[in-house]
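The values are calculated or read from the model by the stated rules, or taken from the named source; none is laboratory data. Everything numeric in this text was worked out from a predicted model, so none of it was measured. Note that each Cβ is placed from the backbone with ideal geometry, even for glycine, and that neighbours are counted across all protein chains shown.
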Amino acid sequence: MSESLLSIRDLAVAYRTDRGDVDAVRGVSFDVAPGEVTALVGESGSGKSTVAQSVIGLLAGNGRVTAGSITLDERRGGATELVGLGEKRWRELRGRCIALIPQDPGNSLNPVKTIGASVAEGLRIHGWRDRDELRAKVVDLLDRVGIDSPDVRAKQYPHELSGGMRQRVLIAAAIALEPELIVADEPTSALDVTVQRTVLDLLDDLRRESGTGLLFITHDLAVAADRARDVVVMQGGRVQEAGPAAEVLAHPSAEYTRTLLADAPSLARVVERPKATAAPDAEGPGAEAGAAARAQRAGSPLVEVSGLRQEFAHGAGRGPLVAVDDVSFTVARGTTHALVGESGSGKTTTGRSIAGFNRPTAGSIRIAGTEVTGLKGREARALRRNVQLVYQNPYGSLDPRQTIGSVLAEPLRNFRIGDASERADRVARSLELVALSPDHAARRPRELSGGQRQRVAIARALIVEPELVVLDEAVSALDVTVQAQILRLLARLQGELGLTYVFISHDLAVVRQIADSVSVLQRGAQVEHGATAAVFDHPEHDYTRRLIDAIPGAALRGADTIAPTTREGDE
């Protein structure tokens, strides 16, 4: 067996478009060793997923390899050149020699197939026919990846499993035929920090047991630092630098790598938050409140949540689902309170209750001294203006048929604020507030990047001059550098406008930087709360300690080379 399991040399890939060929990957070379992890790191558009698709022969129909070679050293058949293979040969290799773990477990499993059928599909393609053997193998695979009651789970459908369990199912399917190489394309980016750690530990165990090589695609340098032997950093379709992870990430030679490190919340101080001012700039949103009014109200909390309980109907013959149970906290004006926990912990339900989208089953929510849980009509409408919500997904929260200007003007029309001319002025000012040109008003969402779309979503929330903004995983879908830009933007806006945030997140590294106080939720209950520094430095609950311990990047945190930076254009 050669030293390299996978050898890529001078790879170039282009896509055919209406404007001609577009080069997506140029001159990429690296190796993956048997039983080791090579991490391919970069932002969206860097070319890393195109490389992964080339390795497994799944490029889009308009894509083609224009130069270079991809060689796989098969244990069963020697070296094989993958570039130019026919589909028949690919069917022999996929699953048996090369397997893929895709990014999104929600979209990667057939919703009308049972879990067992999905895991067994690759086995059937490669000749397994005996039903009893298939059933036994599937149960064994599900057990191997740590799924409880595997015989029961095999009969269930994807919607009956959590995101972490669905990702384990994808891993079970990938390892079914014991391939030499697994291509893992952002396999944990959609998972909670503790589930991410569990899945990565599982991949490590499988790799050590079977000697499988792992090509790990990620935008998270902290994960790469903890898990990979070698790192390849890509930008604009080219390799910026490559080598042993400990060397590349501790002593980066490329400016782009240093930028990624400086923008990773797990590794560096991304946000230097200014203190909230007594009153906003007279030219910006919120100016109408005035310095005197804000000063008068500064002594009391803006948000007071007491004994909050939220139940949902659970189906005929079953009791209610208790999503939130006896949660209490306060949020001081001009500060950020974070709600953290795994999926199903109740953090989003709590945030939506504060924003007026849920009517609590019990408990009290007071905003600016007013009980809001029973508001109706005009009072409820006033709450909606004073409390705004920014959603997680910038690709799904903007109407693709409207221009950005129309998207931003819609809340003004709904609240009957200003005439057409005044609304246009407010739209332009709101875009400038989030560091976008007023020219963006004429564009549509598809013409903007993910970071630009999220800036628009923030501008839409601020255009009606709220006091409180609820941010529901508002940076979790973004690349690390874009995430850092949005976090700095939020900190600047809070300082300039005196905004108060309720920040919902499963990313404790981000929470540690942006939040003044925090509530830790587990299965709907608040297990710990207090000042962020106190909770993180001296956690009292085992669950909080597990969340903090699962933050990736321990291999590099504290390194002298990872320092906070401020670059022009961040704001």
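Scanning region 475-505 for residues that are under 30 Å from P187 (Cα atoms), touching a Ser or Thr at 6+ places or on another chain (Cβ under 8 Å) and part of a loop (DSSP other than H, G, I, E, B) gives V475, S476, D479. Here R385 meets the list (1) touching a Pro at 6+ places or on another chain (Cβ under 8 Å); (2) surrounded by fewer than 17 Cβ atoms within 10 Å (Cβ to Cβ); (3) within 13 Å of R455 (Cβ to Cβ) almost entirely, failing just condition (3). When we screen S353, S328, S343 for residues that are touching an Asp or Glu at 6+ places or on another chain (Cβ under 7 Å), among the polar types (S, T, N, Q) and outside the structural domain of T194 (by TED's automatic domain parsing), the only hit is S343.
Those helices (runs of 4 or more DSSP H) of region 126-179 in which at least 3 residues are surrounded by fewer than 17 Cβ atoms within 10 Å (Cβ to Cβ), considering only elements entirely within it, cover 131-144. The set of residues in region 529-550 being within 18 Å of D192 (Cβ to Cβ) and under 24 Å from the mean Cα position of the chain (by Cα) consists of V535, F536, Y543, T544, R545, R546, L547, I548, D549, A550.
For region 71-92, the count of residues that are closer than 30 Å to R16 by Cβ and of a type in the set (F, W, Y) is nonzero.
Residues in region 224-236 that are out of contact with any Ser or Thr (no Cβ under 7 Å at 6 or more places or on another chain) and of a type in the set (A, V, I, L, M, F, W, C): 2 in all. Taking the criterion of being in contact (Cβ under 8 Å) with a residue 60 or more places away in the chain, farther than 22 Å from S162 by Cβ and not in a strand (DSSP E or B), the residues of region 511-534 that qualify are R512, Q513, I514, A515, D516, T532.
Restricting the search to region 241-252, which residues are free of Cβ contacts under 8 Å to residues at least 60 places away in the same chain and either out of contact with any strand residue (DSSP E or B) (no Cβ under 7 Å at 6 or more places or on another chain) or buried (at least 20 other Cβ atoms within 10 Å of the Cβ) (or both)? Selection gives E247, V248. If you go through region 105-115 and keep only what is in a helix (DSSP H, G or I) and surrounded by 21 or more Cβ atoms within 10 Å (Cβ to Cβ), you end up with P105, I115. Among all residues of region 253-266, there is none that is within 21 Å of L100 (Cα to Cα), in contact with a Pro (Cβ under 8 Å, 6 or more places away or on another chain) and surrounded by fewer than 21 Cβ atoms within 10 Å (Cβ to Cβ). Counting only strands (runs of 3 or more DSSP E) that sit completely within region 1-97, those holding 1 or more residues that are at pLDDT 95 or above and farther than 17 Å from L181 by Cα correspond to 6-17, 20-32, 63-74.
Is there a residue in region 224-237 that is surrounded by fewer than 24 Cβ atoms within 10 Å (Cβ to Cβ), within 18 Å of S266 (Cα to Cα) and either more than 25 Å from the chain's Cα centre (by Cα) or of a type in the set (D, E) (or both)? The answer is yes; a qualifying residue exists.
Within the option set V469, V482, being modelled with pLDDT under 85 and either over 15 Å from G396 (Cβ atoms) or among the basic types (K, R) (or both) holds for one residue only, V482.
Against the conditions (1) free of Cβ contacts under 8 Å to residues at least 24 places away in the same chain; (2) more than 30 Å from G236 (Cβ to Cβ), L142 satisfies every one except (1).
Go through region 180-199 and count every residue that is under 21 Å from R545 (Cα atoms), out of contact with any Leu (no Cβ under 7 Å at 6 or more places or on another chain), in contact (Cβ under 8 Å) with a residue 40 or more places away in the chain and buried (at least 21 other Cβ atoms within 10 Å of the Cβ).
Total satisfying the criteria: 3.
Screening region 464-480 for residues that are in contact with an Asp or Glu (Cβ under 9 Å, 6 or more places away or on another chain) and of a type in the set (A, V, I, L, M, F, W, C) and picking the one that is farthest from R416 (Cα to Cα) gives V480. Exactly one residue out of R359, R318, R366 is touching an Asp or Glu at 6+ places or on another chain (Cβ under 8 Å), outside any helix (DSSP H, G or I) and of a type in the set (K, R): that is R366. If the condition is being hydroxyl-bearing (S, T, Y) and outside any helix (DSSP H, G or I), then region 535-551 contributes no residue at all. Identification of strands (runs of 3 or more DSSP E) wholly contained in region 204-254 with 1 or more residues that are aromatic (F, W, Y) and under 10 Å from T38 (Cα atoms) yields 213-218. When L489 is tested against (1) within 23 Å of H219 (Cα to Cα); (2) touching a His at 6+ places or on another chain (Cβ under 9 Å), just one condition goes unmet, and that condition is (2). Of the residues in region 62-80, at least one is of a type outside the set (K, R), touching a helix residue (DSSP H, G or I) at 6+ places or on another chain (Cβ under 7 Å), surrounded by 20 or more Cβ atoms within 10 Å (Cβ to Cβ) and under 25 Å from G27 (Cα atoms).
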